[in-house]
Amino acid sequence: MNHILRTAILLSFGCTALAAFSNFAQAQKIDIAFGVSTVDAPGASQANGVDHQPVSLTGGTYPGFSGDVLFFHNLGIGGEIYWKASQADYAGQGFNYRPIFYDINAVYSPKLASHAYLELVGGIGALSTRFYTATTCGIYTCSNYQSSNHFDADFGAGIKFYPKGGFFVRPEARLYLVNNNTDFSAARVTRYGLSVGYTFK
């Protein structure tokens, strides 16, 4: 009798867990997107040359990819990576650089109207800058750049407009607060852009 009771309890828990997981799977939404942005940052004249170098991150084209999974009442997690499309001259010092922003975010995306959703994000990541100084070789590979990595926190917002089905267009903005960003004129960088993507339900 005890064996039957234990089996019944285990089966009940199993069925409950399966039903909960099924509801979870049905409720989740997955977004993937490709975007193009530009960035704005304090000018080179605002740098003091000690804590911050007189090089501004302002300007340039930044393509990138982003994605998120919403799994609980419009809440979820996401990630993004954006990089400068072309190398830029580093203050006439004889070498170029390319910044790369990547972050993992908490995402909140409530419905605004029948075909529009607000998207609020906040998270952590890094600004990784590649400096193309010279080719160096290790044991297995050679590289023509050195990376300077700085932790960042990012905050942002966008609005997803759905013109047809799961396809969306999302104007967006991000504020990056870069820790110890000695390579550039300031610790604050803003990215503005537009992404095109698709939502899987």
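Being open to solvent by less than 40 Å² (accessible area, probe 1.4 Å), outside any loop (DSSP other than H, G, I, E, B), within 28 Å of GLY78 (Cα to Cα) and touching a residue at least 40 places away in the same chain (Cβ under 8 Å) is the requirement here; does PHE168 meet it?
Taking the combined requirement at face value, the residue satisfies it.
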Exercise. Picking from ALA173, ALA153, ALA157, ALA186, which residue would you name as being under 30 Å from VAL55 (Cβ atoms) and out of contact with any strand residue (DSSP E or B) (no Cβ under 6 Å at 6 or more places or on another chain)?
Worked result: ALA186
Problem set entry | GLY35, sole failed condition from (1) open to solvent by less than 50 Å² (accessible area, probe 1.4 Å); (2) over 30 Å from PHE200 (Cβ atoms) | (2)
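Quick grid of which residues meet (1) among the charged types (D, E, K, R); (2) surrounded by fewer than 15 Cβ atoms within 10 Å (Cβ to Cβ); (3) at pLDDT below 95:
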{"position": "PRO42", "(1), (2), (3)": "no, no, yes"}
{"position": "GLN53", "(1), (2), (3)": "no, no, yes"}
{"position": "GLY64", "(1), (2), (3)": "no, no, no"}
{"position": "ASP68", "(1), (2), (3)": "yes, no, no"}
{"position": "GLY79", "(1), (2), (3)": "no, no, no"}
{"position": "ARG98", "(1), (2), (3)": "yes, no, no"}
{"position": "THR141", "(1), (2), (3)": "no, yes, yes"}
Exercise. Among the residues of segment 100-139 satisfying the criterion of being open to solvent by less than 70 Å² (accessible area, probe 1.4 Å) and touching a Ser or Thr at 6+ places or on another chain (Cβ under 7 Å), which is modelled with the lowest pLDDT?
Worked result: THR136
For this session: Please give the number of the condition THR199 fails out of (1) in a strand (DSSP E or B); (2) closer than 26 Å to PRO99 by Cα.
Result: (2)
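The values are calculated or read from the model by the stated rules, or taken from the named source; none is laboratory data. Given the structure is predicted, the values throughout are model-derived calculations rather than measurements. No Cβ is skipped: glycine too gets one built from the backbone with ideal geometry, and neighbour counts run over all protein chains shown. When the accessible area is computed, the model is the full protein with side chains, heavy atoms only, and any ligands, DNA or RNA have been set aside. Shrake-Rupley method; radii C 1.70, N 1.55, O 1.52, S 1.80 Å.
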